[in-house]
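The values are calculated or read from the model by the stated rules, or taken from the named source; none is laboratory data. Predicted, not measured: the structure shown is a model, and the values here were computed from it. We place every Cβ from the backbone using ideal geometry, glycine too, and count neighbours over all the protein chains shown. SASA here: full protein model, heavy atoms, side chains in, ligands and nucleic acids out. Shrake-Rupley method; radii C 1.70, N 1.55, O 1.52, S 1.80 Å.
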Amino acid sequence: MTDTCIRDCHALVPDASGTLTIARHQDILVRGGRITEIRPTGGPLEPGVTVLEGQRMLAMPGLINTHAHVPMVLFRGLAEDVPIERWFNEFIWPLESNLTEADVYWGAQLGLLEMIEGGVTTVADHYFHMDRVAQAVEEAGTRAHLGWAVFGSNGLKVLAETAAFAERWRGGAGGRITTCMAPHAPYTCDDGFLRASAGHANRLGIGIHIHAAEEMNQTNASLEKRGLTPIQVLKDTGVLGVPTLIAHGCGLLPQDIELLEKHRASVGIAHAPKTYLKLAMGMTPIRALRRAGIAVGLATDGAVSNNTLDVFESLRLMTMMQKHEAMDPEVMPIPEALDIATRGSAAALGMGDRIGKLAPGYQADIILVDTRGTHWQPPHNLTAGLVYSARASDVHTVMVDGRVIMRERRHLTLDKERILTEVASTMERLARRVPESRIQSYKP
């Protein structure tokens, strides 16, 4: 029996050739958390079906944020207009020394609140005190890929504890939570630590989420010190032997892409363009990666380098940055950009068979985007609207696993006022910055 019908919406679906396009005036039928049928509107419905009216709404797969530090919203606006070395050493790592488990919980709730309002239904989060993040995800009703970030200086015992978290929460929240190992980066984790991370991942049958070749200075420093790029280090330590999600990759060299191509079935790249612009990090070679068959997904990174968790903003910036870099307006056409935002992002997380597509059998992670705003008018081209006009505030309704968690911009799972009050009560304490107490040093 059908549980829910989204009636008379326009739907972003692949056409016969696989190109994403708009099917107008469709009904989307959902049962047991999955899409069962997408058909022209007007067909009969079984008794008892919940109907969500979709007139002048555009249905699309829920957005996927492939790399974030969600609770970092607690420090939004506290590290502005500084280079990456100062960003780490004088700002974010001293600030994070203030964190408690309770802070992480409320920060995760605030970040999830923001992402739900922006149509993000899945996030790959790489942070600390991840039991509390998992708790927040369970309560929010979203989907998440969670890894407990750890540095080599934390030691192998702590690494084992993060592996225990991954085992404890794998398949949690009714299957909405997947887990991974999350060593921070090759420049903060020595080879033995990376090998141990890969060993835990192999033992548990999970992957690794790691920063690597974030920008070219890191790659050059690695080459100078070791004669190896960060990606070659990942290969030599066994990290690429398990499913691997690599954050950023602005420092990838052609030989790195050739190496990643050999692992393309299990490697994804998370692309966070606003962070790269703010910190002057360069750009991920998206076109070369995609030519090599390597999945690329959209990301925001943390709110201290991005200021928002808005994936629509990442989509727009990615598309225009690719055109600008190539000095060619035909580069990154609209269907390709949307493919990265949906199917590409799902593939980067190893979930391409479950999410990121409106089609029968896929999880019913669906958002309705309101196209009635003046910035959409006249609505000649709805796919262009998604890439170049849509705002996070256009997201009207959010469904995850067949359950509506926001309707008409009203949250149904999270207490927005309570979250804002709790976060506001910690602002003064969390903003104290003592560089001597930083949790790590940035020395690539």
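Looking at the chain, what % of its DSSP beta bridges pair antiparallel, to the nearest 5?
Numbers: 30 of 68 bridges.
DSSP beta bridges in the chain are roughly 45 percent antiparallel.
Mind sorting out which of (i) 57, 47, 47; (ii) 57, 53, 39; (iii) 66, 48, 43 is the real Cα extents along the principal axes in Å computed from the coordinates?
Here Cα extents along the principal axes in Å agrees with entry (iii).
What does the accessible area per residue of the range 144-261 come to in Å², with a 1.4 Å probe and no ligands, DNA or RNA counted?
On the way: 4140 Å² over 118 residues.
Using a 1.4 Å probe on heavy atoms only, each residue of the range 144-261 averages 35 Å².
Using the eigenvalues of the Cα gyration tensor, what equivalent ellipsoid semi-axes result for the range 348-444 when each is taken as the square root of five times the eigenvalue, whole Å, largest first? Provide the component values of the computation, followed by the final result.
Details: eigenvalues 242, 87, 70 Å².
They are 35, 21, 19 Å, listed from largest to smallest.
How would 305, 437 rank on accessible area, largest to smallest, probe 1.4 Å? Don't jump to the answer; show the numbers that get you there.
Values: 305 5, 437 50 Å².
Result of the area sort, largest leading: 437, 305.
Counting each DSSP H run of 4 or more residues in the chain as -39500 (n - 2.57), what helix-only mean residue ellipticity at 222 nm follows after dividing by all residues, to the nearest 500 deg cm²/dmol?
Working: 18 runs with 152 residues, N = 444.
Rounded to the nearest 500, it is -9500 deg cm²/dmol.
Just list whichever of 274/357; 235/278; 278/443; 225/274 have alpha carbons separated by over 22 Å in the model shown. Please report the intermediate quantities before stating the final value.
Values: 274/357 25 Å; 235/278 30 Å; 278/443 20 Å; 225/274 30 Å.
Cα-Cα > 22 Å for 274/357; 235/278; 225/274; rest within.
How high is the FRET efficiency from residue 191 to residue 330, r the C-beta distance, R0 60 Å, rounded to 0.05?
Working: r = 43 Å, r/R0 = 0.72.
E between residue 191 and residue 330, to the nearest 0.05, is 0.85.
By the scheme Lys and Arg +1, Asp and Glu -1, what is the net charge of all other residues having a beta-carbon under 14 Å from that of residue 125? Mind dumping the intermediate values first?
Numbers: positive: 132, 143, 176; negative: 114, 131, 138, 301.
That sum, taken over residues with Cβ under 14 Å, equals -1.
Measure off 7 Å from each Cα along the Cα-to-Cβ vector at residue 374 and residue 437, then give the distance between these two points in nanometres to one decimal.
Computed distance between label sites residue 374 and residue 437 equals 4.8 nm.
Can you compute 3J(HN,Hα) from phi for each residue in the range 139-149, using the Karplus curve 6.51 cos²θ - 1.76 cosθ + 1.60 with θ = phi - 60°, rounded to whole Hz and x for Gly and Pro?
Going residue by residue, I get 6, 6, x, 8, 10, 8, 10, 10, x, 8, 5 Hz, with x marking Gly and Pro.
Write down the accessible area per residue of the range 1-90 in Å², having rolled a 1.4 Å probe over the full set of protein chains.
Solvent-accessible surface per residue comes out at 41 Å².
Under 5 Å between amide H atoms, partner at least 5 residues away or on a different chain: which partners does residue 149 have, H built in plane at 1.01 Å?
Counting only residues 5 or more places away or on other chains, the set is 127, 128.
Give me the percent of accessible area attributable to carbon and sulfur for the chain, probe 1.4 angstrom. Provide the component values of the computation, followed by the final result.
Working: 8430 of 16730 Å².
Result for the chain: 50 percent of the exposed heavy-atom area is carbon or sulfur.
Please list 3J(HN,Hα) in residue order for the range 48-58, calculated via the Karplus relation 6.51 cos²θ - 1.76 cosθ + 1.60 where θ = phi - 60°; whole Hz, with x for glycine and proline.
Taking θ as phi minus 60°, the curve returns x, 6, 6, 9, 9, 6, x, 4, 6, 10, 10 Hz for the range 48-58.
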